[in-house]
Amino acid sequence: MKILVAAGHLKNSDVTLLLRGGAALDINSVQKKPFQWMSDEVWLNIVQLCENNQFYSNLIKDIVVNESEWRSWFEDNQPEQVPIPDYEQRLTDESDIGPFLRLLLVRCLRLDRSILMCKEFIRNTKQMGASFVEPVTDTIEMVYDDMEPEVPVIFLLSRGSDPTDGIIELCRKKKLPPPAVISLGEGQEPVALKAINAGIVNGTWVLLQNCELGLGLMNEMESLINKLKGGMDPNFRLFITALPNPEFPLGLLQMCSKVTNDPPAGLRAGLLRSYTPGVMVDQDRLERVDTPLWRQLIFALCFLHSIVQERRKFGPLGWCIPYEYNNGDLQSCMLFLEKHLYNGEISWGTFQYMVSDVQYGGKITDSLDVRLFRTYTKEWLTERTCEDDFSFTPASPLLKIPDDFEYKVNSFTEHTDFRKYIEQFPENDSPEIFGLHPNADLTYCVKEANALFKTLGDTQPKGGGGDGGVSREDVVYEKASELLSRIPEDYEEDDYKVKIKKLGGMTVPMNIFLFQEIQRFQNVIAKVRFTLTQLQLAIKGEVVMSSELQETLQSIFDASVPWHWENTLTGD
């Protein structure tokens, strides 16, 4: 978006509209909503869109005139794939900003489809393109090719990611001595220093794990590396893994190469990662057992692995507890299957038990989650899985599967054929593939869209004026005046005590509850009124702009509730 703004195709107000929608408007102060099928939030978004964007200035009139088509588009399960009534041709003609205008409309009317439209916007914008939305998997080999002895690599870990096995495997392929693996914690810093000094002299690799627990050593690491830089063996490599920590030394982060290893999003990305050479499945693994059964079950295991990882995004609907499944679980299942097939005919019951109760099941603690995983293995890891007509796709889906795709188990002999097949997977997965109702996707999509726009809002510049020359402070001052005029009058204790007495007095339990709630509500009113008044004085320069007032100013400008109002008990 910044590229389009710099090129003059968009204004800053367009970006602001995308991030906030109509959050700054009040339903009682705008034009009355003429449609019952539309929520108040969507109506406020439309009003703001008409006011701030010239292209959609007549949107309300267009919806009123052509209500049936707009309602049909609004209620469609995939509105982003349906022509937009009254505007489709005009959007097509806008070659430069057409994708953004389409995204803007979908964001205002169907927030749950915003993530998909963001991908379409990136894919169809000339300055970017499809390469920016395709899943990318950097292997340990790719990371190693860019490494230098004096520049360590830091793996910033996330749930379900651990590069240890990949580093050890790469070291074995390079026919080098096994890396020194040290997990930092109490008393391990001298051990780590000894391993680093030995590696620098002998040209071996060192892997320091859990470095967020050894911040003392990390603070010294930058100066240590600079000190020993001249005498390093060319084969020396230093790998560091750590969870994000605000106290991690900034200097070390700046001098190192950073690698994040987030679990892939979507079945296609998950399977492509599993079938990336050097990650999990390559041609060598496919040829270890020369039978179609082996290749089919490898694919079934990878598919199951991606399914159980993706179910986490649905929250409690996916798993009662969000378990950290990782590549180690899948690797263990493949090794068991390989050895099991070497010993003769497969025992399906044993195979299912090892996957659901031992390898993955060792992490599962909730009884319902145990039951779910066993159901997966009983349905997908059977003799039936290897038949030609088997499919993971539900026989009678409630809604259309994207692209009418059929998720089948193939027995290709070439690794590239598997990747070509996986690349045909739909970009958007139906919840029914996971065994969930289609509505499960709605909550997830809204949550993800809100998180995206919040993150983008947090990264916007905090100062300067808008397109019309009005500064941020002027906007907030005017909004504070509006809010002050709408705050109800203070509750006088003597007055509401008299009214409560007429209702039966404090001997009635509900009256006691009412009395307490009025006291707390008065505290909230007083807190909000005092903060807004102080904020106006601070903007005029009459009082000091404290950190709390600064945060309140930014929150009001972003059309969000200030943190101190939401998270302070009873407003005091």
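The values are calculated or read from the model by the stated rules, or taken from the named source; none is laboratory data. Treat the numbers as computed from the prediction; the structure is a model and nothing was measured. So basically every Cβ, Gly included, is an ideal-geometry build from the backbone, and we count neighbours across all protein chains shown. These accessible areas exclude ligands, DNA and RNA; they are computed on the full protein's heavy atoms, side chains included. Shrake-Rupley method; radii C 1.70, N 1.55, O 1.52, S 1.80 Å.
Could you pull out which residues in segment 87-117 have an amide N less than 13 Å from a spot 7 Å beyond the Cα of Ala7, following the Cα-Cβ vector? From segment 87-117, the list is 94-101.
Using the Cβ-Cβ distance between Leu484 and Ser560 with R0 set to 22 Å, the FRET efficiency works out to roughly 0.75. Using R0 = 51 Å, the C-beta based FRET efficiency linking Gln81 and Asn523 works out to 0.50.
Evaluated with a Cβ-only charge set (Lys, Arg +1; Asp, Glu -1), segment 193-293 carries a dipole of roughly 120 debye about its Cα centre, given to the nearest 20. Were the residues from Ser29 through Leu253 laid out at 0.36 nm apart, the gain over their Cα-Cα distance would be 75.7 nm.
Using C-alpha pairs under 8 Å with a sequence gap of at least 6, the mean separation divided by the residue count of segment 47-171 gives a relative contact order of 13 percent.
Only protein heavy atoms count here; under a 1.4 Å probe, Arg529 has an accessible surface of about 60 Å². Across the options Asn45, Tyr407, Tyr323, the greatest Cα extent toward the positive end of the charge dipole of the chain (unit charges at beta carbon of Lys, Arg, Asp, Glu) belongs to Tyr323. Of the residues Asp429, Asp233, Asp86, ranked by 1.4 Å probe accessible area with the largest first, the sequence reads Asp86, Asp233, Asp429.
Computed over the alpha-carbon atoms, the chain gives an Rg to Rh ratio of 1.03, Rh here being the Kirkwood radius from the mean inverse distance.
Summing +1 for each Lys or Arg and -1 for each Asp or Glu among the other residues whose beta-carbon sits under 13 angstrom from that of Lys378 gives 0. Taken along its principal axes, the alpha carbon cloud of segment 106-183 reaches lengths of 58, 27, 22 Å, longest axis first. Pairing the Cα long axis of helix 40-52 with the longest principal axis of the chain, what angle in degrees results, from 0 to 90 and rounded to the nearest 10? Tilt relative to the chain: about 80 degrees.
A simple charge model with +1 on the Cβ of Lys and Arg, -1 on the Cβ of Asp and Glu and nothing else charged puts the dipole of the chain at about 540 debye relative to its Cα centre. Across segment 399-410, rounded Karplus estimates of 3J(HN,Hα) from the backbone phi angles (6.51 cos²θ - 1.76 cosθ + 1.60, θ = phi - 60°) give 10, 5, 5, x, 6, 6, 6, 10, 7, 10, 9, 9 Hz, Gly and Pro being marked x. Compared with the alpha-carbon gap, the fully stretched path from Phe412 to Arg90 is longer by 111.3 nm at 0.36 nm per residue. For the Cα atoms of the chain, what angle does the longest principal axis make with the long axis of helix 98-109, in degrees from 0 to 90, nearest 10? With rounding to tens, the tilt is 70 degrees. Over the C-alpha atoms of segment 1-138, the Rg to Rh ratio, Rh being the Kirkwood estimate, stands at 0.97.
Here the label points at Lys378 and Glu186, each 7 Å from Cα along the C-beta direction, are separated by 4.6 nm in the simple model. About the centre of its Cα atoms, segment 356-491 shows a dipole size close to 340 debye [charges on the beta carbon of Lys, Arg (+1) and Asp, Glu (-1) only; nearest 20 debye]. Length available on full extension from Glu51 to Ser158: 0.36 nm per residue minus the Cα-Cα distance, which gives 34.3 nm. Taking 8 Å as the Cα distance limit and 6 or more residues as the minimum spacing, I'd like the relative contact order of segment 67-140 as a percentage. It comes to 22 percent, rounded to a whole number.
Annotation for segment 139-234: GluC sites (Glu not before Pro) lying in DSSP loop with at most 16 further Cβ atoms inside 10 Å of their Cβ are Glu150, Glu186. Dipole orientation for the chain: of the candidates Ser223, His9, Met354, Ser223 has the Cα lying most toward the positive pole (charges on Cβ; Lys, Arg +1; Asp, Glu -1). Under the criterion of Cα pairs below 8 Å and six or more residues apart, the relative contact order for the chain equals 12 percent. With 27 Å as the limit on Cα-Cα distance, the pairs of Lys174/Lys313; Lys497/Lys527; Lys11/Lys61; Lys378/Lys447; Lys194/Lys258; Lys339/Lys378 that go past it are Lys174/Lys313; Lys378/Lys447. Angle of helix 440-458 to the longest C-alpha principal axis of the chain, folded into 0 to 90 degrees and rounded to 10: 70°.
For the pair Lys194 and Thr533, label points projected 7 Å from Cα toward Cβ lie 6.8 nm apart. Model label sites at Asp404 and Val133, defined 7 Å from Cα along the beta-carbon direction, differ in position by 2.3 nm.
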